[in-house]
């Protein structure tokens with residue numbers, strides 16, 4: 001009879017110990033997601049920081065969805081990754097994206113408790129300001145497509161290399177002018 005009582009006591013003690021361990025593991029979790037800079041430019045790297053709430057868990061898994069169809073899975077283990085988690089991401093296209101971090105079982109790592117989201121606004125990349133080579137002056141203002149023309153000053157020789165123009169513009173030069181012009185589309 002004493003052996004059964006000892007076994008029952010041991011079983012209850014183990015169960016209570018496991019329950020308290022699980023409660024301790026759940027006492028902290030994913031607390032917040034921040035994105036900087038916000039707003040960002042298309043193509044610019046942003047920093048995504050996932051912070052813990054309460055006592056930071058040291059052994060769990062989390063999944064991060066970047067809102068553009070891509071994501072990352074992270075194992076929090078105290079040595080390779082720990083809270084706060086910092087990630088870099090560049091969004092290719094303008095838009096509003098929701099970054100979501102949530103607990104997920106990854107191999108032997110049980111899910112981190114909680115979830116958090118942040119919204120990042122990505123704007124169109126700023127167009128590069130047109131520039132003229134040394135000794136040239138811009139004539140007029142750039143067109144709405146970005147096309148522009150530069151006229152050579154007295155005694156200035158045209159540069160050997162063509163200007164580098166962003167699509168859909170093409171470089172051109174004559175004896176006294178250089179610039180970026182609209183490319184004419186031909187119908188087939």
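Conditions tested, residue by residue: (1) outside any strand (DSSP E or B); (2) within 20 Å of the chain's Cα centre (by Cα); (3) assigned by TED's automatic domain parsing to the domain that holds residue 39; (4) under 19 Å from residue 32 (Cβ atoms).
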residue: 50; (1), (2), (3), (4): no, yes, yes, yes
residue: 57; (1), (2), (3), (4): yes, no, yes, yes
residue: 67; (1), (2), (3), (4): yes, yes, yes, yes
residue: 74; (1), (2), (3), (4): no, yes, yes, yes
residue: 78; (1), (2), (3), (4): yes, no, yes, no
residue: 93; (1), (2), (3), (4): yes, yes, yes, no
residue: 97; (1), (2), (3), (4): no, yes, yes, yes
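Given the structure, is residue 142 exposed (fewer than 13 other Cβ atoms within 10 Å of the Cβ), closer than 30 Å to residue 40 by Cβ and over 25 Å from the mean Cα position of the chain (by Cα)?
no
Of 173, 141, 187, which residue is farther than 30 Å from residue 98 by Cβ and either in the same structural domain as residue 93 (by TED's automatic domain parsing) or at pLDDT below 85 (or both)?
Checking each option against the conditions leaves just 187.
Could we say that residue 158 is within 30 Å of residue 87 (Cα to Cα), assigned to a loop (DSSP other than H, G, I, E, B) and modelled with pLDDT under 90 here?
Against the criterion (within 30 Å of residue 87 (Cα to Cα), assigned to a loop (DSSP other than H, G, I, E, B) and modelled with pLDDT under 90), residue 158 does not qualify.
Which one of these does residue 167 not meet: (1) without any contact (Cβ under 8 Å) to a residue 40 or more places away in the chain; (2) under 14 Å from residue 130 (Cα atoms); (3) surrounded by 11 or more Cβ atoms within 10 Å (Cβ to Cβ)?
Only one criterion is unmet by residue 167, namely (3).
Checking the conditions here, which among 113, 118 is assigned by TED's automatic domain parsing to the domain that holds residue 72, touching a residue at least 40 places away in the same chain (Cβ under 8 Å) and either over 30 Å from residue 73 (Cα atoms) or in a strand (DSSP E or B) (or both)?
From the options 113, 118, the qualifying one is 118.
The values are calculated or read from the model by the stated rules, or taken from the named source; none is laboratory data. Treat the numbers as computed from the prediction; the structure is a model and nothing was measured. Cβ atoms come from the backbone with ideal geometry, glycine included; neighbour counts cover every protein chain shown.
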